[in-house]
Structure formats: structure tokens, C-alpha cells
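In what follows, a single structure is set out as C-alpha cells and then discussed.
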Amino acid sequence: MAMYMMSAINVKNNQVPNSAAKTRGSKYAGQSIKPLPIHILTIGKTRSPGVQLIVKDYIDKLKPYCPVHDLRIKSNPKNSTEPRVQIENEETGFMNFIKSDDWVVMLDENGKDLRSEEMADMIGDAGNKASGSRLVFCIGGAYGHGMKLRERANVKVKLSSLVLNHEIALVVLVEQLYRAWTILKGQKYHH
């Protein structure tokens, strides 16, 4: 109760409590960010038309900020019923695409839970600190990612505490990428 009253008093005096100050904005807001090309790698052959429409819409919205490429890795290329074999073969597709200087973000249910501002900071970190040539996001198939990709990833991120189908994860990702860039540019989409 006393802690709540202290926060209320600070807000009344036009002082933002420290916890609220940390949740507002990105450390890169208003700064020049190197716009690394973004490559989104997903597993799958075809997408539902609705998902494809939403993804295209957000990729078009991202074009003023950075180039975005949406690439699909063939799912279960050897038509195996064994999950380990599926993971290994899908992982080969990811690893064949990734360059040694890429900044790789692996989307994983056990990854770091980021707020939108932290996603913006991650993009800023990749553009300003990394020597990478591209920012690569990897969305795995039904059984997740293999060990090689887990070891190669610069960061592991989860989009939700819920497990998401790879198409839904893609929709959430492209929206969050757009949101992150609007945060970095100080635009009003976020709030």
C-alpha cells in the first residue's frame, strides 16, 4: 500500500516512477539506426491466403525502414515421420541460408520474453553494434529448432507464452517488427 501511494505521489508531482520510465521507449529512439536487411525464414510450403495477405501488408509497411525478405524453407524435406529427422533436415535449410556475419534471431518458446521496446532495442543493437550484414529471424516447424541453429543464434526470443503455429508466429513477428521500427522512429503507431 505504501509503495502504491509513493508512486501516486510521484506521478502527481509530474515525476514518472523508475519502473514506468524503464518501460517507455527504446534506448535508440530518435537515433540513427543502420537498417540491416531483414530476412524472415519460415518452415512451410504454402500459406493460407489470409496469413499471406497480412504478412504482405506488414512487409509493405516495413519497406520505408528497411528491406524485408520473406523466405520459406521446405518443411520435412524427406517426408520422415520421425521428429528428430524432420528437425535436422529443416535445420539444414536454415543453416544453408545463414551467413557467418548475420545477426540471427531464433524464435523459440523458451527464448527471452521481450516487450515491444526491447524488440526495438534488439534491432538497434543489431544495426549499431553488430558487424552483421543481415538480421535473420528463424521460425521453426512443428518440432522446433535443432542444436546447430540454437548454437548459432545470437539471441533466442519468444513471441508469446503460448505456443504459436508457425503461420501465426510469422504474423506476430512482422507486426512487431513494424511496431519496433515505429518506436525507433518515434512514430505514433505504438501508443
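So the values come out like this:
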item: Three principal axis lengths of region 101-178 [C-alpha, angstrom, descending]; result: 32, 28, 18
item: Reachable aspartates and glutamates, given that their alpha-carbon falls under 17 Å from the alpha-carbon of LYS99 and they are not under 8 places away in the same chain; result: ASP70, GLU90, GLU91, GLU151
item: log10 of Debye I(q)/I(0), alpha-carbon scatterers only, for region 55-113 at 0.19 Å⁻¹; result: -0.95
item: Given LYS27/LYS129; LYS129/LYS156; LYS158/LYS188; LYS45/LYS158; LYS34/LYS185; LYS34/LYS63, the pairs whose alpha carbons are separated by over 19 Å; result: LYS158/LYS188; LYS45/LYS158
item: Descending Cα extents along the principal axes, region 41-168, whole Å; result: 42, 34, 28
item: Two-site label geometry, LYS112 and TYR143: point separation in nm, points 7 Å out along Cα→Cβ; result: 2.9 nm
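Bear in mind that the values in this text are calculations on the coordinates, not laboratory data. All of these numbers come straight from a predicted model, not from anything done at the bench. Using ideal geometry, Cβ is built from the backbone for each residue, glycine included, and neighbour counts are taken over all protein chains shown.
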